[in-house]
Amino acid sequence: MTQKQPNILFIMFDQMAAPALPCYGNQVVKAPNISNLAEEGVIFENAYCNSPLCAPSRASMMAGQLASRIRTYDNSALFPEDVPTIAHYLRDNGYYTCLSGKMHFVGADQQHGFEDRLTTDIYPGDFGWTPDWDNFAHRPTWYHNMLSVVQSGQCVTSNQIDFDEEVSYNSVKKINELARCDDDRPFFLLASFTHPHDPFAITKEYWDRYNHEQIDMPRVPKIDYDELDPHCKRLYHVSAMGEYEQTQERVRNARHAYYSEISYADDKVGHLVDALEKNGLKDNTIIVMTSDHGEMLGERGMWYKMSYFEWASRVPMIFWAPGRFSPRSIKQPVSLVDLLPGVCQASCRLN
């Protein structure tokens with residue numbers, strides 16, 4: 001494959017908080033592959049999601065529009081089929097577009113501009129995740145709860161590990177195929193992983209990379225329920241955060257597992273970059289890395305997402321292309337909706 005227009009490898013994670021990464025100042029987490037991208041690329045220090053929840057955040061990112069504009073308010077909201085996405089724009093301008101992994105598209109259209117999709121999604125496209133926000137006292141029994149924290153630790157495997165292994169395998173396989181195929185179009189490959197989204201469970205291999213006693217604890221301690229703002233009280237209730245005591249050991253276990261999951265995710269970055277290099281594609285490929293939102297990880301006594309506090313809303317954003325961009329750190333605030341015009345501009349030939 002030979003062309004001047006750059007390939008684009010877009011690596012996306014789920015629930016990866018920027019403050020949990022070493023390239024954003026974390027002194028405990030081990031993520032050398034992500035750190036290498038940051039050191040050699042452009043790292044955005046203050047990147048935020050526009051809606052700290054999977055489906056609306058991803059829809060906003062794909063469309064380059066706020067969730068309020070395209071009306072994707074929650075995880076059961078339909079992503080309108082008539083809204084063009086980054087995949088549409090790139091495909092219309094000569095790119096082969098391919099998706100591997102989770103995107104949380106809700107509705108019949110599971111492509112949204114991608115020419116090929118290498119895996120199914122981890123969740124069904126018609127699955128509703130939204131509680132009755134008008135009925136404060138009602139909490140669906142199936143909804144998110146604190147068991148992800150209480151039961152955190154080591155596992156043999158998990159649905160998420162199995163899924164991400166499939167995403168990694170198919171992404172590397174596709175890179176190998178693209179390197180030797182007759183299609184001379186540049187490619188846009190979006191590899192979207194579920195880690196480090198809870199449950200906080202990881203294999204022994206990754207758990208053992210960390211000294212349990214050296215796992216740092218939340219910088220902002222738990223805030224009493226009576227002192228929480230109304231929205232946090234709602235999150236506290238909906239996720240049943242009061243059903244189990246947040247002991248120091250439970251919090252440390254969850255953070256240990258989350259950090260280990262980041263190391264697992266980091267290895268996937270390494271696998272993809274290695275595939276580019278082995279196939280001679282790395283020098284003509286822009287690598288973009290980000291996440292749909294963060295994870296509170298016990299800060300303020302809160303967990304998961306759905307708030308605009310730093311750990312829930314601040315995401316990593318890295319552009320790697322040493323031949324095109326000089327390494328630097330950008331402090332100007334940006335958000336996920338900026339990725340569509342940013343990626344299109346970086347591809348050189350688009351308006």
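The values are calculated or read from the model by the stated rules, or taken from the named source; none is laboratory data. What you see is a predicted model; the values in this text were computed from it and never measured. Virtual Cβ from ideal backbone geometry, glycine too; neighbours counted across all protein chains shown.
Structure notes:
- Region 62-83, residues that are in contact (Cβ under 8 Å) with a residue 60 or more places away in the chain and either surrounded by fewer than 24 Cβ atoms within 10 Å (Cβ to Cβ) or in contact with a strand residue (DSSP E or B) (Cβ under 8 Å, 6 or more places away or on another chain) (or both): 63, 64, 65, 66
- Boolean, residue 350 is under 21 Å from residue 9 (Cβ atoms) and modelled with pLDDT of 95 or more: no
- Residue selected from region 233-258 under the condition part of a helix (DSSP H, G or I) and free of Cβ contacts under 8 Å to residues at least 12 places away in the same chain, by the criterion surrounded by the fewest Cβ atoms within 10 Å (Cβ to Cβ): 249
- Evaluation of residue 204 against the conditions (1) buried (at least 17 other Cβ atoms within 10 Å of the Cβ); (2) at pLDDT 90 or above shows that the sole unmet condition is (1).
- Test result for residue 261, surrounded by 15 or more Cβ atoms within 10 Å (Cβ to Cβ), modelled with pLDDT of 95 or more, more than 30 Å from residue 89 (Cβ to Cβ) and in contact with a Phe, Trp or Tyr (Cβ under 9 Å, 6 or more places away or on another chain): yes
- Test: residue in region 202-218 that is closer than 19 Å to residue 100 by Cα, in contact (Cβ under 8 Å) with a residue 60 or more places away in the chain and not in a loop (DSSP other than H, G, I, E, B): no
- Enumeration of residues in region 305-318 that are touching a Phe, Trp or Tyr at 6+ places or on another chain (Cβ under 6 Å) and among the hydrophobic types (A, V, I, L, M, F, W, C): 317
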